[in-house]
Amino acid sequence: MNVGTAAGESAGRPELSFAQERLWFLDQLSPGESSYLTPFSRRLDGPVDADLLERALRAVAERHPVLRSRIDAGTGTPVPVVEAAATVRLERVDLSGAPDPERAAEAAVATMLNTPMDLTAAPWLRAALFTLGEGSTLFHVQVHHIAFDGISRGLFERELSAQYRALAGGRPALELPPGQDYAAHAARQRAALGPAEREELLAQWRTALAGAPHVLELPSDRPRPARPGPRAGRVDFVIPEEVTAALYRVAQAQRTTLFCVGLAAYQHLLGRYADARDVLVGVPFAGREDPGAEQVIGFFTHSVPLRGELAGSPSLDALTRQARDRVLEAMDLQELPLEQLVDGLGVTREANRNPLFQHWFDLADPQWDRPALILPGVRVRPVPVTETTTRFDTELHLRPAGAGLAGRLLYSADLFDEETAAGLAGHYAALLAAAAAEPGRPLDSIPLTGADERARLIDLGTGPAVRRGPATVDAYVERTVARVPDEVAVRSGERRLTYRQLDERSRRIARALREHGAGPERVVAVCLPRGPELVCALLGVVRSGAAYVPVEPELPAERIAYLLRDSGAMAVLGDAGAESLTEVTGHPLVRVDHFVDGEGPHGGAAPSATGHGAQDLPAALDPDRLLYVVYTSGSTGLPKGVGVTHRSFTRLLDWHLDRYPVASGAATAQTAGVSFDAAAWEIWPALAGGSRLEVCSADEVRTPSRLLARLEEAGVGSAFVPTALAELLIREPLGQRTALRRLLTGGDVFRPRAEDAPGVDVVNHYGPTENTVVATATDALTRPWPSRSIGRPIAGVRAYVLDDRLHLVPRGVRGELWLGGALVSRGYLGRPGLTAERFVPDPFAAEPGARMYRTGDLVRWSADGSLEFRGRADGQLKISGYRVEPAEVEVVLLRCPGVWEAVVTAATGPDGAPVLVAHLVCEAPGPSDAELRSQLRRQVPSYLVPSVFVRLDALPLTVTGKIDRRALPAPAEGARAAVVPRTPAESAVHALWLEVLPGRAPGVEDDFFAAGGTSLSAARLSVRVREVFAIDFPVRAVFDFRTVTEQCVAIEELVLESISTMSESEIAEALNH
């Protein structure tokens, strides 16, 4: 055989197989990695002739040219070239003198495994013989996957054994029959897949995978890096004999193999972890349909996506049948190469994840898994090789081990901790055991968590114990009045009330309300602007025994009328501004100004709080009576009232005063609108603790600079502000300008910028109105800001993360947040059906009658024991088949220089498909769209890069201070015109794009892959850039810099870097050429 010739001696232009071409591309994408090696080690006890073993290795390589090949890609298209068998050699290392020879050999093997293999150099086979002692050696072989698959290992060992025996006996090496080599297979494969065959296969694949998601994102311990490495962790586990026997019975009953049973269970588990009902998992098909390929060493394996549709609560039996049918279907379609399938489906390519599927499953055939090396006079034993790399997020490998199964889970160490991976493996084994026992049972009815894990999760979700205070809000305030009667209780501008005055005036209001029939379970509407009168009115209602419903006076009259009617308000507590309203609605109006200004309702002196009539107020009020009704938005467009009792609210007070102790006379800001439940959380803790409540005006709250000045002037030490306002305030040096010790926030996703440094503690809170304002709280937050944390449950709260079946999900897995405990509200006023739907019996509580509330929010337990907010169950978007959480994009946008505020929504694009839209408030002039896209592409997958950027002067807010997404303007209609080259550099690079993308007309700000780029065209562009600009421009650069504009910047930097290393003569020579 000639040396340095095209791989194989078959006629025609030498070509790689499709599978080899894919591996070459992946190697170009991540050069210097060792992910695609197939290693095995054998312990040899007995005499081994190292020279004969090397000759035997070369004889095997002579029979199989693929082992001694290399790739030449000088023209941009990779072709195989065969080198002499003499390039194969056996490295010999004597470790017998080492203190621990076996450990030294293990370290040497690890070094070999971590040494990348250059595909442009022959051979693709490495072998080493380590001497451990007299008559004891370790034989290690590793072959690049481009020349080897799982079946090849057995063939290799058997041929190596035969060649060794033949050479030892003085016989010539065995010869391969003509035409039976891997190059012939590659030629036949390409000849069989013409354009018509390709289109037919692709059409069938499109039907099979229609609507399937291309990303299956498991909850990870760390964000996916822009350039993940191949480093893997490993978890081994065992499926017991009795479970394995039951699984074989399932396979037999469904007329299929154990492979389909194991795959079905893994697809279900991945779906449970990812909260997905449709999953794709990669599997290997042998690819040796041609009988002539059975004895050929090479990479025949086809990587095939198998779909698992999990909707409808299928059983193991049902999913196994589905997997069987999908395997049979895919067997007829496997000849379409994976890369062509990815391109044909239009899958978005990302440099940091595998396209189409990110998880792998395999069950080894015992026929090919057992060692096959036999050397005369030598005892051969397999030695486990610690696999240190992975090509996927997870790889699950099963193999028969006696009458049971041995499992191995490889996982990306960039994404997962060992504890997380061990949990996944343990849940798989437990799921198999439970499902094998009842194969007809719906799989999602099987809890993933065992009793011990459930106990830990319940403990994790239980808030701390704190000292209990009074059982009613008015009792809390009375305690403060008795303690500090002459301290200022409320201040608004120049107006102020002491606790004594607040006590007296609120009692007058209470008595007047009692005269109108107020009492327990009656509702009084309070319609007043911010100020001392509002606080007096609220306390007056509470002391009357009734519950208050706060109403913003600025609301439309029709809305106010609805609130009064729906709440069943018996009267309105207001000022002269409410008279016109009550005239329309017919509700009695109790004028607050008649009681807080020292006059009675008829113009005479107001009764003294300690005079006649003081005793007619309830002496001992029931803590289970209603305290207030606050309205929240409803899915029907009409708000619904949530009833909160004294008992649940005083538990919030207990926690607040323990967590945020209040000193008498200290100032606490009141910023929330009265109809926002956070207003109750501001007002009552301040009065219960004896602090001075600084009521900020509506104008101050709407203008951050004015609010900051007010906080500074009033010496406020503690303030709550809604999330949107907090994100603006923390951009100021609060610790220097104000007396603030802490800034509390909540109400929306908290998205600080990396550079924000307020100099005070910031605490983020989460809680629906239905759980009495607050359910969780973070620790004090500072830089570096955590992402998405909503903290831990507060005292009195039990937090559960559950799946659709109300099973506790494992730590790290996303589920819906349910809240139980003492802060769960009474429910929705006058809506027993909706209350029963959202407030259900708590199956985890010990106390009878306990309920839990379904929040509709998706969360997960993080490694530090806090909850991470992952979006609304009904608020996620789907873009190009990918599930998108808007907050993820918003957080990254806020890191971009010049971006002040950001909200991401979906809109309909020019082609009718949904696209992402970013609504931004930026500095002037602010970053351009191209600059934003460039920065985003370096941090998030391209499907998370908005298609449209809308600039706003300010984001619209609701009356409660949250971002009003419904008020965001729609983007301008029409497709974005392609941007033509603007500089000579852009023209040069754009011309190269047109070379590798014939028939396309991309603009200089268009994405290469969105414009029709494929893996091969990316590789060709890399070669052309190297040729034209004389720089090293790897394939990965096409993924990292995806537009002409970005590539020009990168090329300029590389050119300047190259010039900086050149001498003057070299520069002059380059200029002459």
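Derivation of every value follows stated rules applied to the coordinates shown; laboratory data play no part. The shown structure was predicted, so the numbers you read here are calculated from the model rather than taken from an experiment. Note: ideal-geometry Cβ built from the backbone for every residue, glycine included; neighbour counts use all protein chains shown.
Observations
- Residue order, fewest to most surrounding Cβ atoms within 10 angstrom, among Tyr476, Tyr266: Tyr476, Tyr266
- Amide H contacts under 5 Å for Val490, placed H, 5+ residues apart: Leu497, Leu693
- C-alpha center-to-center spacing [the range 685-721, the range 283-325] in angstrom: 64
- log10 of Debye I(q)/I(0), alpha-carbon scatterers only, for the range 53-168 at 0.10, 0.15 Å⁻¹: -0.34, -0.72
- Positive-end residue of Phe357, Pro284, Phe300, charge dipole of the range 264-358 with Cβ unit charges: Phe357
- Farthest positive-ward along the chain dipole, Cα basis, beta-carbon charges - from Thr348, Ala330, Gln28: Ala330
- Note on the chain: with charges restricted to the Cβ of Lys and Arg (+1) and Asp and Glu (-1), its dipole about the Cα centre is near 2000 debye.
- At q = 0.14, 0.15, 0.24 Å⁻¹ the log10 of I(q)/I(0) for the range 984-1072 amounts to -0.48, -0.54, -1.19, computed by Debye summation with a single uniform scatterer per C-alpha, solvent ignored.
- Over every Cα atom in the range 696-868, the radius of gyration and the widest Cα-Cα span, Dmax, amount to 18.2, 53 Å.
- Rg and Dmax [Cα atoms of the chain; Å; Rg one decimal, Dmax integer]: 35.8, 128
- Taking every DSSP helix (H) stretch of at least 4 residues in the chain, weighting each as -39,500 (n - 2.57) and dividing the sum by the residue count yields a mean residue ellipticity at 222 nm of -10500 deg cm²/dmol.
- Kirkwood hydrodynamic radius over Cα pairs of the range 31-75, then Stokes diffusion coefficient at 37 °C and 0.692 mPa s, in µm²/s: 238
- Extreme residue, positive dipole direction of the chain, given options Leu781, Leu398, Tyr499 (C-beta unit charges): Tyr499
- Between amide H atoms placed 1.01 Å from N, distances below 5 Å from Val642 occur with Val630, Tyr631, Thr632, Leu829, all of them 5 or more places distant or on a separate chain.
- The charge dipole of the range 994-1070, taken about the Cα centre with unit charges on the Cβ atoms of Lys, Arg (+1) and Asp, Glu (-1), comes to about 480 debye, rounded to the nearest 20.
- Cβ-placed point charges (K, R +1; D, E -1), dipole of the range 696-868 about Cα centre in debye, nearest 20: 120
- Working note: Debye formula, equal point scatterers on the alpha-carbon atoms of the range 912-1054, no solvent; log10 I(q)/I(0) at q = 0.14, 0.15, 0.17 Å⁻¹ is -0.73, -0.81, -0.98.
- Length gained when the stretch Asp221-Asp1032 is fully extended (0.36 nm per residue, less Cα-Cα span): 288.5 nm
- Normalising by residue count, the range 661-708 has a Cα convex hull of 71 Å³ per residue.
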